[in-house]
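The next block holds one structure in the form of structure tokens; read it before the comments.
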Amino acid sequence: QVQVVESGGGLVQPGGSLRLSCAASGTIFRILVMGWYRQAPGKQRELVATITNSGATNYADSVKGRFTISRDNVKTTMYLQMNSLTPEDTADYYCNLLSTSNLFGGPTTTWGQGTQVTVSS
């Protein structure tokens with residue numbers, strides 16, 4: 001069984017910064033993709049950023065230039081550095097992991113419980 005746990009959310013003023021962390025644990029043979037998604041009140045969950053096993057990254061247009069996704073491969077931990085935050089970034093942020101548990105198994109996706117980010121003065 002695979003688990004991911006997010007941390008680092010909180011209240012920050014507009015223009016401020018936060019760093020989110022996502023720690024993966026359990027039976028992980030290979031991590032294929034890790035990603036951050038967010039869901040604002042009354043809105044659908046949306047992609048924020050992803051990072052592949054090879055380090056390739058992808059960002060939503062709304063966060064390009066402000067957010068940076070990174071990964072510590074040894075610790076299977078992913079980070080999201082968020083700068084120049086605006087009230088529009090307020091949401092619950094979720095970690096997503098696409099991984100395999102053995103050499104022959106298919107990929108499975110795992111979601112975390114989410115961490116809340118509130119940007120307000």
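The values are calculated or read from the model by the stated rules, or taken from the named source; none is laboratory data. Keep in mind that what you see is a predicted model, and the values were worked out from it rather than measured. When we count neighbours, we look across all protein chains shown, and the Cβ atoms used for this are built from the backbone with ideal geometry, even at glycine. SASA here: full protein model, heavy atoms, side chains in, ligands and nucleic acids out. Shrake-Rupley method; radii C 1.70, N 1.55, O 1.52, S 1.80 Å.
Numbers below:
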| quantity | calculated |
| --- | --- |
| Matching entry among Thr118, Thr110, Thr86, Thr76 (being on the phi > 0 side of the Ramachandran plot and either open to solvent by less than 20 Å² (accessible area, probe 1.4 Å) or of a type in the set (Val, Ile, Thr) (or both)) | Thr76 |
| Contacts under 7 angstrom Cβ, first residue in the range 95-106 being more than 25 Å from Ile69 (Cβ to Cβ), partner in a loop (DSSP other than H, G, I, E, B), 6 or more apart | Asn102/Phe29; Leu103/Phe29 |
| Sole exception among (1) at pLDDT 95 or above; (2) touching a strand residue (DSSP E or B) at 6+ places or on another chain (Cβ under 6 Å) for Leu32, by number | (1) |
| Cβ pairs under 9 Å, 6+ apart, first in the range 1-29 and under 12 Å from Val117 (Cβ atoms) and of a type in the set (Lys, Arg), second assigned to a strand (DSSP E or B) and open to solvent by less than 30 Å² (accessible area, probe 1.4 Å) | Arg19/Leu80; Arg19/Met82 |
